[in-house]
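Trainee: Next up is a structure, given as structure tokens.
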Amino acid sequence: MPRYGAQFGPDVTYLGVERCDLDDPASFAGADVVIVGAPFDGGTSHRPGTRFGPQAIRMTDYLPHDGSRPSLALRTDGLQDLRVLDAGDVEMYSGDIETALPALEAAVEKVARAGAIPVVLGGDHSIAFADATGVANALGHGRVSMLHFDAHADTGDIEFGSLWGHGQPMRRLIESGALRGDRFLQIGLRGYWPPPATLDWMAEQRMRSYEMTEIVHRGLSECLTEAFGIATDECEGVFLSVDIDVCDPGHAPGTGTPEPGGLTARQLLDSVRRICLELPVVGVDVVEVSPPYDHADITAALANRVVLEALSAIARRRTGVPHDPSLPLLADRPTTTPETSA
Ligand SMILES: [Mn+2]
């Protein structure tokens, strides 16, 4: 498959990082991270538009697209300390989910087999079946756990008469054996879907789902710590799937199936940071950003920062120097201390 160029926006890379071509292995040899666009909304059940998500996530930033972003908090530059490349979008026709998903799976598997972390920009959540399977094909079925941020469980069986859609990828991942149900952690669920029969199926799989009421009652931090313990038990890697609708619609209005009462943007960013600092992340997707329903780029900007927070934290984890969140901004920068002139 040749590099798929401009269709759902200009063919620019994530914040100006270098390009690569998945048909040319030399172009991504030695990469730490490869960004892959999945401009697909053929799995959407309600408001569409996520085919425009990848370009919005790549571009929505007020700073120059210069391939450099030093993090104030983490003291790393995720785009410079890591070798981050952008493979562009995978060709995914929204009218044909049964060819679109295998195309993405093949692209992601190629990245994972090269030893890089695929970071997939969606697209609706149906793409998670393809991208998490691609990673599991490379690292071993049942060897990768899932940390899934979402308002919805996405464990539906048949919807609209189909096995494939954005409400079903997590069920398909477990049924296929790519991922283990008992190493499947869901964070941020709320509202009125799925129905009890689906919840029964989830319980049979021994999935662990943190509904918002539990998160509010116990605290997000405690829930994450518990989830991390499960995720790292007998699994070498963790896949992080972020459905932007895990955030409250006030923090992420540009999405297809908004559900009130979610996480704040700050809570999501802090969670992504902790996951990428503390766990061996082997794949990431950020999905369900629908620019036509966005307002003032609120949702696209948040998704851009979710990716950046992940990269900054992965870079920090690789330094081997523990991050101290209590440290003041300038505490480890002695060069900023004013010098007395002689
Ligand atoms: Mn979802």
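The values are calculated or read from the model by the stated rules, or taken from the named source; none is laboratory data. No experiment lies behind these values; they were computed from the predicted model shown. Positions of Cβ are backbone-derived with ideal geometry, glycine not excepted, and every protein chain shown enters the neighbour counts. The accessibility values were calculated without ligands, DNA or RNA, using every heavy atom of the protein model including side chains. Shrake-Rupley method; radii C 1.70, N 1.55, O 1.52, S 1.80 Å.
Trainee: Report whether or not Val307 is assigned to a loop (DSSP other than H, G, I, E, B), crowded, with 23+ Cβ neighbours inside 10 Å and touching a residue at least 12 places away in the same chain (Cβ under 8 Å). Before you say what the answer is, go through the steps one by one.
Mentor: Numbers: assigned to a loop (DSSP other than H, G, I, E, B): no; crowded, with 23+ Cβ neighbours inside 10 Å: yes; touching a residue at least 12 places away in the same chain (Cβ under 8 Å): yes.
Here the answer is no, as Val307 does not meet what is asked.
Trainee: For Ala132, are the conditions met, namely being surrounded by fewer than 24 Cβ atoms within 10 Å (Cβ to Cβ), within 16 Å of the ligand (Cβ to nearest atom) and under 16 Å from the mean Cα position of the chain (by Cα)? Full working, then the answer.
Mentor: Numbers: surrounded by fewer than 24 Cβ atoms within 10 Å (Cβ to Cβ): no; within 16 Å of the ligand (Cβ to nearest atom): yes; under 16 Å from the mean Cα position of the chain (by Cα): yes.
Here the answer is no, as Ala132 does not meet what is asked.
Trainee: Of the residues Met202, Met146, Met207, which single one is open to solvent by less than 50 Å² (accessible area, probe 1.4 Å) and either within 13 Å of the ligand (Cβ to nearest atom) or among the small types (Gly, Ala, Ser) (or both)? Outline the logic, then answer.
Mentor: Numbers: Met202 fails: either within 13 Å of the ligand (Cβ to nearest atom) or among the small types (Gly, Ala, Ser) (or both); Met207 fails: either within 13 Å of the ligand (Cβ to nearest atom) or among the small types (Gly, Ala, Ser) (or both).
Being open to solvent by less than 50 Å² (accessible area, probe 1.4 Å) and either within 13 Å of the ligand (Cβ to nearest atom) or among the small types (Gly, Ala, Ser) (or both) holds for just one of Met202, Met146, Met207, which is Met146.
Trainee: Okay, next question. When you check Gly256 against the structure, is it modelled with pLDDT of 95 or more and under 19 Å from Leu189 (Cβ atoms), yes or no?
Mentor: On the way: modelled with pLDDT of 95 or more: yes; under 19 Å from Leu189 (Cβ atoms): yes.
Judged against the criteria, Gly256 is a match.
Trainee: Looking at region 1-28 only, could you name the residues that are over 23 Å from Ala310 (Cβ atoms) and at pLDDT 95 or above?
Mentor: Residues satisfying the conditions are Asp21, Asp23, Asp24, Pro25, Ala26.
Trainee: Can you tell me which of (1) under 22 Å from Arg316 (Cα atoms); (2) open to solvent by 30 Å² or more (accessible area, probe 1.4 Å); (3) in contact with a strand residue (DSSP E or B) (Cβ under 6 Å, 6 or more places away or on another chain) is the one Gly16 doesn't meet?
Mentor: For Gly16, the exception is condition (3).
Each row is one residue, and each column tells you yes or no for (1) in contact with a Gly (Cβ under 9 Å, 6 or more places away or on another chain); (2) among the aromatic types (Phe, Trp, Tyr); (3) under 28 Å from Tyr293 (Cβ atoms).
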residue: Ser68; (1), (2), (3): yes, no, no
residue: Leu74; (1), (2), (3): no, no, no
residue: Val84; (1), (2), (3): yes, no, no
residue: Val90; (1), (2), (3): yes, no, yes
residue: Ala100; (1), (2), (3): yes, no, yes
residue: Ala114; (1), (2), (3): yes, no, no
residue: Pro118; (1), (2), (3): yes, no, yes
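Trainee: Follow-up. Could you please tell me which pairs satisfy a Cβ distance under 8 Å, a separation of 6+ or placement on different chains, a first residue in region 198-224 that is within 21 Å of Thr155 (Cβ to Cβ), and a second residue that is aromatic (Phe, Trp, Tyr) and open to solvent by less than 50 Å² (accessible area, probe 1.4 Å)?
Mentor: Final answer for the pair search is Gln205/Phe184; Met207/Phe184; Arg208/Phe184; Cys223/Tyr210.
Trainee: Here's something else I'd like to know. Of the conditions (1) of a type in the set (A, V, I, L, M); (2) assigned to a loop (DSSP other than H, G, I, E, B); (3) more than 16 Å from the ligand (Cβ to nearest atom), Val289 fails just one. Which one is it?
Mentor: Result: Val289 fails condition (3) only.
Trainee: Suppose the filter is in contact with a strand residue (DSSP E or B) (Cβ under 9 Å, 6 or more places away or on another chain), more than 30 Å from Pro249 (Cβ to Cβ), at pLDDT 90 or above and open to solvent by less than 50 Å² (accessible area, probe 1.4 Å); does Ala315 pass it? Working first, answer last.
Mentor: Details: in contact with a strand residue (DSSP E or B) (Cβ under 9 Å, 6 or more places away or on another chain): yes; more than 30 Å from Pro249 (Cβ to Cβ): yes; at pLDDT 90 or above: yes; open to solvent by less than 50 Å² (accessible area, probe 1.4 Å): yes.
Criteria met by Ala315.
Trainee: While we're looking at this one, here's another question. Just to be sure I understand, how many residues within region 149-167 are in contact (Cβ under 8 Å) with a residue 60 or more places away in the chain and either within 15 Å of the ligand (Cβ to nearest atom) or closer than 13 Å to Tyr210 by Cβ (or both)?
Mentor: 10
Trainee: Could you please find all residues in region 210-231 being open to solvent by less than 10 Å² (accessible area, probe 1.4 Å) and within 16 Å of the ligand (Cβ to nearest atom)?
Mentor: Tyr210
Trainee: Scan region 232-281 for residues that are touching a residue at least 40 places away in the same chain (Cβ under 8 Å), open to solvent by 10 Å² or more (accessible area, probe 1.4 Å) and hydroxyl-bearing (Ser, Thr, Tyr) and report the count.
Mentor: Residues flagged as touching a residue at least 40 places away in the same chain (Cβ under 8 Å), open to solvent by 10 Å² or more (accessible area, probe 1.4 Å) and hydroxyl-bearing (Ser, Thr, Tyr) within region 232-281 amount to 2.
Trainee: I'd like to check something: does region 187-195 contain any residue that is under 25 Å from Ser312 (Cβ atoms) and touching an Asp or Glu at 6+ places or on another chain (Cβ under 7 Å)? Lay out the reasoning, then the answer.
Mentor: Going residue by residue through region 187-195, those that are under 25 Å from Ser312 (Cβ atoms) are 187-188.
Subset that is touching an Asp or Glu at 6+ places or on another chain (Cβ under 7 Å): 188.
Yes, because at least one residue in region 187-195 is under 25 Å from Ser312 (Cβ atoms) and touching an Asp or Glu at 6+ places or on another chain (Cβ under 7 Å).
Trainee: Determine whether Ala31 is open to solvent by 40 Å² or more (accessible area, probe 1.4 Å) and at pLDDT 95 or above. First the steps, then the outcome.
Mentor: Numbers: open to solvent by 40 Å² or more (accessible area, probe 1.4 Å): no; at pLDDT 95 or above: yes.
No.
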